[in-house]
């Protein structure tokens, strides 16, 4: 993510991270939903969309929920029509088309939805960032999105090493999300981490952070 992109980033109230590893992709996110206040503390912002792919979500809840369901259905339909599994690149372009179409429709409520899409196919591991305008960018190291992205980005820039393992990528993702949770008021309440390898999609960490005080 460029500095110019970060300047124009809407406050989506989340922090998502994607990391490219030598043996797969790591996707992570916090678990807080905000609407001017903390509306929910157990939101799953990493969603599996195929046997070998998942996305992180940021933006308006109704928008990301709808588009996540649509891309799942579109991928299943495409696989049935072509008699093969879709590539990660094809999935990214399909989802980008859905985002592009929605953001350009006249609506009482503006469409705001951004995704990080990771997956593993016959050509290896791939990570894409899908902007709120329907743009598609492939990353060969890491990327981050949401209101806490600047805090996460600082950790990623300082600690990321080319060719790190998925296990080390999980540890780095947790550090990046934790940095945002500590400093961004719109991120918090937990951390969810998925890995995407040649063995498929796996939930490796789902930790709730309890900030309540017992009387």
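Values computed for the structure shown
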| item | result |
| --- | --- |
| Unique residue being in contact with a helix residue (DSSP H, G or I) (Cβ under 7 Å, 6 or more places away or on another chain), closer than 25 Å to residue 207 by Cα and touching a residue at least 12 places away in the same chain (Cβ under 8 Å) when the list is 71, 57, 38 | 57 |
| So residue 152, is it closer than 23 Å to residue 174 by Cβ, in contact with a helix residue (DSSP H, G or I) (Cβ under 8 Å, 6 or more places away or on another chain) and assigned to a helix (DSSP H, G or I) | yes |
| Counted residues, region 112-156 - those being without any contact (Cβ under 8 Å) to a residue 12 or more places away in the chain and touching a strand residue (DSSP E or B) at 6+ places or on another chain (Cβ under 8 Å) | 1 |
| Looking only at region 187-215, and only at residues there that are in a loop (DSSP other than H, G, I, E, B) and buried (at least 21 other Cβ atoms within 10 Å of the Cβ), the one that is modelled with the lowest pLDDT | 188 |
| Selected residue (criterion: modelled with the lowest pLDDT) from residues of region 1-33 that are in a loop (DSSP other than H, G, I, E, B) and over 13 Å from residue 149 (Cα atoms) | 32 |
| Of residues in region 41-54 being touching a residue at least 40 places away in the same chain (Cβ under 8 Å) and part of a strand (DSSP E or B), the one surrounded by the fewest Cβ atoms within 10 Å (Cβ to Cβ) | 48 |
| Any hit, region 99-111, residues being in contact with a strand residue (DSSP E or B) (Cβ under 9 Å, 6 or more places away or on another chain), over 20 Å from residue 32 (Cα atoms), touching a residue at least 24 places away in the same chain (Cβ under 8 Å) and part of a strand (DSSP E or B) | no |
| Sole exception among (1) surrounded by fewer than 22 Cβ atoms within 10 Å (Cβ to Cβ); (2) farther than 28 Å from residue 40 by Cα; (3) modelled with pLDDT of 95 or more for residue 155, by number | (2) |
| Check on residue 163, out of contact with any helix residue (DSSP H, G or I) (no Cβ under 9 Å at 6 or more places or on another chain), in contact (Cβ under 8 Å) with a residue 60 or more places away in the chain and part of a loop (DSSP other than H, G, I, E, B) | yes |
| Breaking point among (1) farther than 20 Å from residue 136 by Cβ; (2) crowded, with 16+ Cβ neighbours inside 10 Å; (3) free of Cβ contacts under 8 Å to residues at least 24 places away in the same chain, for residue 28 | (3) |
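The values are calculated or read from the model by the stated rules, or taken from the named source; none is laboratory data. Small disclaimer: the values here were computed from a predicted structure and weren't measured. Neighbour counts run over all protein chains shown; Cβ positions are idealised from the backbone, glycine included.
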